[in-house]
Amino acid sequence: MSKIPFQSVVSSEEELRNLFGDCNHVVKHKTIHRLDHHCKDFISKSPLLFMATSDASGACDVSPRGDAAGFVHVIEESCLVIPERPGNRRFDSLRNILSNPRVGIVFVIPGLKETLRINGSAVLVRDEEILDRLSVQGKRPWLGIAVSVEECYMHCAKAFMRSQAWDPDSWIPSEQMPNPSKIIADHVNQAHVTEESVARGMQNSYTNRLY
């Protein structure tokens, strides 16, 4: 880690607690260790999740997964499976799981400010019966990310309230949005990779390789 340009850094949990105190009784005891009917219902209504992984050295990654609501398959109270659909073949999350199985997941329901957090351990599975259940438009996912659930709890709404993420009036006008194709082309920084060629490739992927 490069030298950071800060003079006052919190360096221990004791210091953190001395500054801000302990969590309240409800927060301290809200964690459960299985997928109860509330968690299953939440997952069935969520079309989007964010999954955090890290490799054996601790290098981190966070990646979204999304599909029609209920795209994550709950097998039992202790296990769920996330479909791994066609992507860019970097396999950041998958390589991390092979190196370090620990994962953290945030399930999101559009319009709902609270989220569901699940922590556990993951493996990559290719069981035909499972992949068949996860099929969309007659196409199986490449594989499944099976998560053994260890912690489940609701996360409060403050981040979505502060960000106004669900309020269309707070959204940036389309003409002011960042241009992903230009950003990628500039980051690749090779003469034959242009904003236009990246845009064509992205559109082709979105149109023909979504599943």
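Amide H contacts for residue 151 (H built 1.01 Å from N in the peptide plane; partners 5 or more residues away or on another chain; cut-off under 5 Å): 119.
Can you give the helix-only mean residue ellipticity at 222 nm for the chain, where every DSSP H stretch with n ≥ 4 adds -39500 (n - 2.57) and the sum goes over all residues, rounded to the nearest 500 deg cm²/dmol? Mind dumping the intermediate values first?
Numbers: 8 runs with 64 residues, N = 211.
Dividing the helical sum by the residues of the chain leaves -8000 deg cm²/dmol.
For the pairs 40/113; 3/182; 158/182; 40/139; 3/158, note any where the Cα-Cα span goes beyond 22 Å. The answer is 3/182; 158/182; 40/139; 3/158. Spread over its residues, the convex hull of the C-alpha atoms of the chain is 194 Å³ per residue.
First compute the accessible area of the chain with a 1.4 Å probe, then give the percent of it belonging to carbon and sulfur atoms. Don't skip to the answer; put the middle values down first.
Working: 7640 of 14190 Å².
Roughly 54 percent of what the probe reaches on the chain is carbon or sulfur.
Converting phi to 3J(HN,Hα) with the Karplus coefficients 6.51, -1.76 and 1.60 and the offset θ = phi - 60°, the range 160-174 yields 6, 5, 5, 7, 6, 4, 8, 9, x, 5, 8, 6, 5, x, 4 Hz in sequence order, with x at every glycine or proline. Normalised per residue, the accessible area of the chain is 67 Å², obtained with a 1.4 Å probe and no contribution from ligands, DNA or RNA. For the range 64-78, putting each phi into the Karplus relation 6.51 cos²θ - 1.76 cosθ + 1.60 with θ = phi - 60° gives couplings of x, 9, x, 5, 4, 3, x, 5, 8, 9, 8, 8, 7, 5, 10 Hz, in residue order, rounded to whole numbers and with x for Gly and Pro.
Please label the shape of the range 58-143 as rounded, prolate or oblate, based on the square roots a ≥ b ≥ c of the eigenvalues of the alpha-carbon gyration tensor (a/c under 1.5 means rounded; beyond that, a/b larger than b/c means prolate, else oblate). Each step should come with its number before you reach the end.
Values: a/c = 1.37, a/b = 1.04, b/c = 1.32.
Cα axes put the range 58-143 in the rounded bin.
Cross-link candidates for residue 30: which aspartates and glutamates have Cα within less than 20 Å, leaving aside residues fewer than 8 places away along the same chain? List returned: 22, 41, 77, 114, 150, 151.
Spherically averaged projected area of the convex hull of Cα atoms, the range 125-211: 10.2 nm².
Which of the helices in the chain, when you take each full DSSP H run, stretch at least 15 Å along the axis at their Cα atoms and have an average Kyte-Doolittle score of -0.5 or higher? Counting only whole DSSP H runs, no helix qualifies.
Comparing 179, 96, 119 in a Gaussian network model of the chain, where Cα atoms under 10 Å apart are tied by springs, the biggest mean-square fluctuation is seen for 179.
The values are calculated or read from the model by the stated rules, or taken from the named source; none is laboratory data. Since this is a predicted model, take the numbers as computed values, not measurements. For the accessible areas, the whole protein counts, side chains as well, though only heavy atoms, and no ligand, DNA or RNA atoms are used. Shrake-Rupley method; radii C 1.70, N 1.55, O 1.52, S 1.80 Å.
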